[in-house]
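Notes to accompany the following structure.
The values are calculated or read from the model by the stated rules, or taken from the named source; none is laboratory data. Keep in mind that what you see is a predicted model, and the values were worked out from it rather than measured. A quick note on method: Cβ atoms are made from the backbone with ideal geometry, for glycine too, and the neighbour counts reach across all protein chains shown.
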Amino acid sequence: MRKKEALLAAATAVLLLAQTLPAAAAELPAAWDPRPDQVSAVREQYWGTCWDFGGISSLESYLIKFGLADTSVDLSEEDVLWWVNGNYSDPDLNNPSSGFGWTNLRRNDGGYAAMTTGYLATVGARAESDIPYLGAAENPEDDQVNDYYYEGTNQKPANYDTAPVLYQVTDIVYLDETAGPEDIKQAILDYGAVTVSYFDSTEYFHADTASYWYPESGEAENGNHTVSVVGWNDSYPKENFATADGQTPASDGAWLIKNSYGTDYGNEGGYTWVSYEDKLLFEVVEYNQMYAIAGARAAEERKAYYNDEYGAVSSYYPETEGSFTCANVYEFGSGEALEEVMFMTWSEGAGYILSYAPVENGVPVADASRWTTLAEGTVGHAGYTTVALEEPMEVPEGTGALVLTLSGDNLNIGTDESLLEGSRPLFNASIQRNSSFFLKDGTFQEACYEATNTYGDIYTAYVNLTLRAYTADIPEPTETPGEEPSVPPVTPTAEPTAEPADPTEPENTEPSVSPSGTEAAEEREPASAEKISTTQDIEDVRTGDGSNSKLWISVAAGAAAVLVVIVVIAIVRKHFGNK
């Protein structure tokens, strides 16, 4: 890689690391309210799409916090909906669950956090102006509520295949049920917002104070609404939560949530105060994670390799302890440099090693002495993690394997696999066979495990792994003699090792019964510099009159002139000075 490009890559890696690392721990304030300068506008969902709005809202808060956008940022929720539901493939019209993808195929079917996180990690985000939301007012009356996406009543957005991606999401932090109030407050300060679920009922909402509390005596056991938590107030009066029968929380204090019911919902412009003692706020169940966006950037041109089409919908926990190795096989193109790797795991604190392995007869080579180490470190958080390689590696054209080794306890890796909710298909995976592998007994074996269906029958469940490769085209070599190659060639390294850590994992929980409200895939064309400059404040694409550049040119010219004068004086003194 040319020196300039290497420096640029290093700077990008440092920036990405700075964004994903939480701020140094400090005493938390008694209250935090980011309005109006650090949040985007409140939206109105109309349909059962809170799971979509809650995630997009948190991304917008992250972008504002890190100066990637201002408060006018408005990202497309419709793009999420079509990616999740409109892409559902090969259905039997008499049995919608026969196709591939999530089976929540109506706008009012509700959804899960895993749908949104899968979209964000795979696509990123596009502009609302490019793919506007289809609200109730735009839908013909006879098409509302009960029509399926694939039947055509919810039309594919006209420019769905051409609208540019504005942002790419690199890291998503998952918070499990062990996260306490202090952890959530810190995450809000670190990332701008946290996407959570709770049980929403108009019976417990006070419009005059925009306050809400679902008491422990309530019968609901699962949440039904997803929102973005953006602040808190330790002194918010508990009396504002009084129920019809006179109950109140034991203590003051409330979370500030950004809702998606429009600005007329309550007297806080669409925001709601939810008691610290709400029964189901911050509930975490399978497929319905509590999460924060921990890394994002303006879209870059790159090529993505993955076989988990919808991201990680579940996780695989190996029976082995101490160390676990898995791999994905990809068909790499020519002239490509591997720059980044993304994986999803709950194994916070585990050691990781990323490697490249050759493939023979369709299977990764198990001999670690033939692997090339790409990166190693410690898993900084549960969820999606992107590792930027310090030295991008030129990958050989053809079939190769991306290998992940985790070391520690309670290890796991995100998976794309079919899911059931009771006896109903919840997610039908389109598994790419012989592309994901587990290292067992010294050999790589196709990724699968024994599962039991609702009838008690044991079957083999095949999975694809959330272990993704991102490459960029290697620039054409220049004619400069003696210049080093742009990226280092593949050189086998010694067998990788990693220090075991002591990570934790969330307890297994039953799935919520009430959802809230491949081969190389060329990513959608990134937004142009001109496009980005109209929606965000990014220094390297900002337009202007060039005054800064002119100033530096003037300074440089002046410095050069001074240098010339000094040289001339030195020559004169040498030849004509005192002897």
(request) Go through the residues of segment 76-84 one by one and say whether even a single one is modelled with pLDDT of 95 or more and of a type in the set (Phe, Trp, Tyr). (result) no
(request) Mind checking which strands (runs of 3 or more DSSP E) fall wholly inside segment 351-450 and carry at least 1 residues that are under 17 Å from SER323 (Cα atoms) and not aliphatic (A, V, I, L, M)? (result) 351-360, 372-378, 398-408, 413-416, 436-440, 443-446
(message) Looking at the structure I just gave you, is ASP130 at pLDDT 60 or above and closer than 30 Å to ASN464 by Cα?
(response) no
(message) Could you check segment 39-61 and list, in sequence order, the residues that are surrounded by 16 or more Cβ atoms within 10 Å (Cβ to Cβ) and either of a type in the set (A, V, I, L, M) or assigned to a loop (DSSP other than H, G, I, E, B) (or both)?
(response) VAL39, SER40, VAL42, ARG43, GLN45, TYR46, TRP47, GLY48, THR49, ILE56, LEU59
(request) Working only within segment 206-233, note down all residues that are surrounded by 17 or more Cβ atoms within 10 Å (Cβ to Cβ) and either of a type in the set (Asp, Glu) or part of a strand (DSSP E or B) (or both). (result) HIS206, SER211, TYR212, HIS225, THR226, VAL227, SER228, VAL229, VAL230, GLY231, TRP232, ASN233
(request) Please name all residue pairs, on different chains or six or more residues apart, with Cβ atoms under 8 Å, provided the first residue is in segment 242-265 and is in the same structural domain as GLY135 (by TED's automatic domain parsing) and surrounded by 17 or more Cβ atoms within 10 Å (Cβ to Cβ) and the second residue is charged (D, E, K, R) and in a strand (DSSP E or B). (result) SER260/GLU44; TYR261/GLU44
(request) Name the single residue, out of those in segment 160-199 being of a type in the set (Asp, Glu) and touching a Ser or Thr at 6+ places or on another chain (Cβ under 9 Å), that is nearest to GLU340 (Cα to Cα). (result) ASP171
(request) Specify the residue that is nearest to VAL363 (Cα to Cα); the eligible residues are those in segment 411-435 that are of a type in the set (Gly, Ala, Ser) and touching a strand residue (DSSP E or B) at 6+ places or on another chain (Cβ under 7 Å). (result) SER435
(message) surrounded by fewer than 24 Cβ atoms within 10 Å (Cβ to Cβ) and under 19 Å from VAL173 (Cβ atoms): which single residue out of ALA388, ALA337, ALA368, ALA350 fits that description?
(response) ALA388
(message) Condition check: closer than 24 Å to ALA461 by Cβ and at pLDDT 95 or above. Does ALA296 satisfy that?
(response) no
(message) Out of ALA388, ALA350, ALA401, I need the residue that is farther than 30 Å from THR178 by Cα and either assigned by TED's automatic domain parsing to the domain that holds ALA461 or touching a strand residue (DSSP E or B) at 6+ places or on another chain (Cβ under 7 Å) (or both). Which one?
(response) ALA401
(request) Test VAL169 against the criterion of being at pLDDT 95 or above, in contact with a helix residue (DSSP H, G or I) (Cβ under 6 Å, 6 or more places away or on another chain) and in a strand (DSSP E or B), and give yes or no. (result) yes
(request) Among the candidates THR122, THR116, THR162, single out the residue that is surrounded by fewer than 16 Cβ atoms within 10 Å (Cβ to Cβ) and modelled with pLDDT of 90 or more. (result) THR162
